[in-house]
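Asker: Let me give you the structure first, and then I'll get to my questions.
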């Protein structure tokens with residue numbers, strides 16, 4: 001647990017991780033050590049079609065229950081989805097013929113939280129995503145999708161197109177680590193939860209009480225007709241929205257605060273910051 005700039009307690013969490021139980025290259029016990037040594041409070045092990053129960057590792061790391069359902073035999077043009085489930089109380093026992101909506105429904109029915117994974121990597125369109133019901137979280141950034149043969153890690157554009165349609169999701173960053181050669185301990189969320197328990201973590205995420213990051217800290221809130229940002233020292237602060245004609249980029253050294261006066265045409269604003277090493281952080285969308 002860490003104190004943020006506002007004096008609040010936050011937990012460092014990665015919600016998408018693979019092990020040798022499916023196609024990851026490290027066993028669970030080694031994965032737990034890697035993440036604990038980097039200051040993580042919790043991870044979710046989300047092996048493909050393999051439900052993993054919740055436990056506390058020997059080093060004290062909370063491992064949330066999880067699984068990833070990569071929907072089979074579907075082409076991108078028809079909606080190729082990977083649905084991550086975390087926090088299920090029992091195994092959904094999904095058949096391999098399940099659809100993305102089947103996976104979402106089963107995760108919810110078993111007390112979990114469904115996540116729409118790496119929409120840019122999957123080439124999911126806003127129309128395909130918005131057709132799914134009862135899923136409220138998606139990945140704005142997925143580390144492994146930017147490495148090796150992928151190079152499609154950032155789903156920000158899709159998030160903004162969804163926002164322009166009035167569709168809003170809570171935005172997490174994850175590793176989706178498989179190789180452990182640079183795809184681990186990179187992208188995470190900092191969660192303001194009442195305790196390090198599954199129920200409190202899931203509630204905080206669904207309530208939007210977190211920011212996604214690769215290192216920087218960022219907070220944004222509305223003050224009158226402005227969005228105010230406070231962050232750790234950064235070199236860039238950008239305000240994204242569903243409006244294209246605005247002065248929205250702030251660049252400099254040691255930036256720690258910025259203000260953006262939004263227009264009557266905008267329906268939401270979200271913020272991305274970048275530090276001097278190129279590490280990013282993201283807020284959720286603020287609906288106006």
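Asker: Sorted by average packing, counted as other Cβ atoms within 10 angstrom per residue and highest first, what order do 105-114, 32-41 take?
Answerer: The densest-packed peptide leads the list: 105-114, 32-41.
Asker: I would also like to ask the following. Against the 2.2 N^0.38 Å scaling, with N counting residues, where does region 218-287 land? I'd like the Cα-based Rg ratio to two decimal places.
Answerer: Working: Rg = 11.3 Å, N = 70, 2.2 N^0.38 = 11.1 Å.
That works out to 1.02 for region 218-287.
Asker: Taking only Cα atoms and a 10 Å spring cutoff, compute GNM fluctuations for the chain and point out the largest among 21, 237, 86.
Answerer: Greatest mean-square fluctuation among the candidates belongs to 21.
Asker: Which of the peptides 223-230, 281-288 is most tightly packed, and how do the rest follow, judged by the mean count of other Cβ atoms within 10 Å per residue?
Answerer: 281-288, 223-230
Asker: Assuming R0 = 22 Å, can you tell me the calculated FRET efficiency for the pair residue 75 and residue 55, based on Cβ-Cβ distance, to the nearest 0.05?
Answerer: Details: r = 37 Å, r/R0 = 1.68.
The formula returns an efficiency of 0.05 here.
Asker: Quick one: angle between helix 100-109 and the longest Cα principal axis of the chain, in degrees between 0 and 90, rounded to 10, please.
Answerer: 80
Asker: Same structure, new question: Find how many whole Å separate the alpha carbon centroid of region 38-83 from the alpha carbon centroid of region 180-199.
Answerer: Their Cα centres are 13 Å away from one another.
Asker: How would region 176-257 be classified by its alpha-carbon gyration tensor: rounded, prolate or oblate, with rounded meaning a/c under 1.5 and the a/b versus b/c comparison settling the rest?
Answerer: Oblate shape, in that a/c is at least 1.5 and b/c is the bigger or equal ratio.
Asker: Quickly estimate the mean residue ellipticity at 222 nm for the chain, helices only: each DSSP H run with n ≥ 4 gives -39500 (n - 2.57), and the total goes over all residues, rounded to 500.
Answerer: The helix-only estimate for the chain comes to -4000 deg cm²/dmol at 222 nm.
None of the figures in this text is laboratory data; all of them are computed from the coordinates on show. A quick note: this is a predicted structure, and the numbers were derived from the prediction, not measured. Positions of Cβ are generated from backbone atoms using ideal geometry, with glycine treated the same way; all protein chains shown enter the neighbour counts.
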